[in-house]
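Note sheet for the following structure.
The numbers here are math on the coordinates, done by the rules we state, and not lab data. Only a predicted model underlies this, so the values are computations on that prediction, with no experimental measurement involved. FYI the Cβ positions are ideal-geometry reconstructions off the backbone, even for glycines, and counts take in every protein chain you see.
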Amino acid sequence: MTETIQRKINDSAFARWTALVLIASTMFFGYMFVDVLSPLKNLLETSRGWNSTVFGLYGGSEFILNVCGFLIVAGIILDKMGVRFTGLLSASLMVAGAAVKTYGISEYFCQGGFGFEFFSSFLTDIPASAKLACLGFMIFGCGTEMAGITVSKAIVKWFTGKEMALAMGLEMAIARLGVFAVFSLSPWVAELGSPSVVRPVAVVGVLLCIGLLTFLVFTVMDRKLDRQTGAAAAAGEPEEQFKVSDLRRLFTSGTFLTVAALCVLYYSAIFPFQRFATDMLQSNLGITAKQASDIFRWFPIGAMVLTPLLGSYLDHRGKGATMLLLGAILMTACHLIFALVPLTPLIAYSAIILLGISFSLVPAALWPSVPKLIENRLLGSAYAVIFWIQNIGLMAFPIIIGWSLNVSNPGVAEQIKEGVEGAAYNYTVPMLIFSCLGIAAFLLGLWLKAQDRSKGYGLELPNIKK
Ligand SMILES: C[C@H](NC(=O)[C@@H](N)CCCCN)C(=O)O
């Protein structure tokens, strides 16, 4: 009997890497938008009256709807509807949220435009611009996190048995390039002409539309893959039907929950730090926002260069659990340096490089470990549950850090607003909080490694079997 083995589109290296570039572009523009205001904390404080507490609240708002349950729904949508529908929905939500946020900080709105009166009528300590920007950022956050889980699942779909960890590493590297780009561009665009926080947000908002288009092109390729595998014909897109009751399996798996806990501890000391890093460097070194941003932007570049290399190492050699441990140690060292060592530009660059190495070790090992713990049909929900738990930290920590900054620096916000020369925040307390998260992540990493050794999940094993 002769058997014809049909070559599928993802068997072509060119096609699957093209697919990766298309979906990673959506994330590239998404990550740009996430941090477009991060280097502009000072300008927001002087031009829109956002103090550190308000800025922290804004940082946390990205995750509020996700934590309220949207991400779990997003995981279910992903497992039921597949990557194409979910990807397009998430990219559209990003664009819609970006539009609301841009309007919220615009001159037109702030000078009494449509909705200003309403947004000024409650929680009067918070500027109306911040409230509407938070609403837009919440909608955007639903889109970007939904896109994150969709992209992870799409990579598993296209790269299983191939270069999966490398592909995830490259996707993250492209996203990190977006962070580098926005830390380079945002202060510069803000200063073109009279200083403005709206200009960079509007520019990156337009770029988000390109991200929506690249995902649209990916859906054409993905449809072809489904036609070839027959998955689409069988039962919608998923190969096996996902049941909501399966979610219990995730919440009762000890090792899965340990990975999720490690994820929330680790990432809570990364993304919320990223929001405050420019201001921290600006305050500690007595430099401008542009100069501080120019130092900090090398952090994602370190991560960008190393993540794919470490992903490839994981594919061929393994050692995932060890990489998680090492990443937590390096991150703790970096935050302790910022908390305790008198800063010079050289020390700042060195600590940023340490953090960049850490931020390649952990993501390169963490995300490809999930398919080792959870079967494919639950994968969308598994990533959603991890993101959901992670989002609780990403929502809470910017708020905690902004608040701790305010209370540990009485009177400084007022001085900055009044333009007092030399007024700057002392970041010791926030940086110690971030360090504690690193220590806790390290301890969990030790536990995970012990679990892996006793239960044999294969976290230390390579992905590509020879
Ligand atoms: C892949 C991973 N992404 C995440 O963890 C997201 N849930 C959080 C992204 C925060 C910015 N919206 C990563 O970037 O390593």
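Its Cα centre serving as origin, the stretch 16-228 has a Cβ charge dipole (Lys and Arg +1, Asp and Glu -1) of approximately 700 debye. What you get for the chain, charging only the Cβ of Lys and Arg (+1) and of Asp and Glu (-1), is a dipole of about 1280 debye around the Cα centre. Compactness ratio for the chain: Cα radius of gyration over 2.2 N^0.38 Å (N = residue count) comes to 0.97. Classify the stretch 127-192 as rounded, prolate or oblate, taking a ≥ b ≥ c as the square roots of the eigenvalues of its Cα gyration tensor: rounded when a/c is under 1.5, otherwise prolate if a/b is larger than b/c and oblate if not. Oblate, since a/c reaches 1.5 and b/c is not below a/b. Using C-alpha pairs below 8 Å separated by at least 6 residues, the relative contact order for the stretch 16-228 is 42 percent.
Per-residue ellipticity at 222 nm computed for the chain from its helices equals -25500 deg cm²/dmol, with DSSP H segments shorter than 4 residues left out and the rest contributing -39,500 (n - 2.57). Whole-Hz Karplus values for the stretch 212-227 come out as 5, 5, 5, 5, 4, 5, 4, 4, 5, 5, 5, 4, 5, 4, 5, 4 Hz, taken residue by residue from phi with 6.51 cos²θ - 1.76 cosθ + 1.60 and θ = phi - 60°; glycine and proline positions read x.
Using only the Cα atoms of the stretch 300-411, build the gyration tensor, take square roots of its eigenvalues as a ≥ b ≥ c, and label the shape rounded, prolate or oblate: rounded if a/c is under 1.5, else prolate if a/b is larger than b/c, else oblate. It is oblate, given that a/c is not under 1.5 and a/b is not larger than b/c. A simple charge model with +1 on the Cβ of Lys and Arg, -1 on the Cβ of Asp and Glu and nothing else charged puts the dipole of the stretch 242-465 at about 920 debye relative to its Cα centre. For the listed residue pairs Lys8/Lys80; Lys131/Lys153; Lys157/Lys449; Lys162/Lys224; Lys153/Lys224; Lys80/Lys157, the alpha carbons are over 25 angstrom apart in Lys131/Lys153; Lys157/Lys449.
If we count chymotrypsin sites (Phe, Trp or Tyr not before Pro) as exposed when they sit in a DSSP loop and have at most 13 other beta carbons within 10 Å, what is the longest stretch of the chain that avoids them all? That would be 123-466. Given Cα pairs under 8 Å that are at least 6 residues apart, what percent is the relative contact order of the chain? Relative contact order, the chain: 27 percent.
By the scheme Lys and Arg +1, Asp and Glu -1, what is the net charge of all other residues having a beta-carbon under 12 Å from that of Trp188? After counting each charged neighbour, the total is +1. Here each label is just a point 7 Å from Cα along the line to Cβ, and for Trp188 and Ala333 those points are 3.2 nm apart. Where a ≥ b ≥ c are the square roots of the eigenvalues of the C-alpha gyration tensor, would you call the stretch 1-81 rounded, which needs a/c under 1.5, or, failing that, prolate if a/b is larger than b/c, or oblate? Oblate, since a/c reaches 1.5 and b/c is not below a/b. Rounded to the nearest Hz, the phi-derived 3J(HN,Hα) couplings of the stretch 424-441 under the Karplus curve 6.51 cos²θ - 1.76 cosθ + 1.60 (θ = phi - 60°) are 8, 7, 9, 9, 4, 4, x, 5, 5, 4, 4, 4, 4, 4, x, 5, 5, 5, where x marks glycine and proline.
In sequence order, the stretch 103-111 has phi-based couplings of 4, x, 9, 5, 4, 4, 5, 5, 9 Hz under the Karplus curve 6.51 cos²θ - 1.76 cosθ + 1.60, θ = phi - 60°, and Gly or Pro positions carry x.
Across the options Phe218, Leu135, Leu40, the greatest Cα extent toward the positive end of the charge dipole of the stretch 16-228 (unit charges at beta carbon of Lys, Arg, Asp, Glu) belongs to Phe218. With neighbour counts taken as other beta-carbon atoms within 10 Å, the residues Ile149, Ile210, Ile337 rank, fewest first, as Ile210, Ile337, Ile149.
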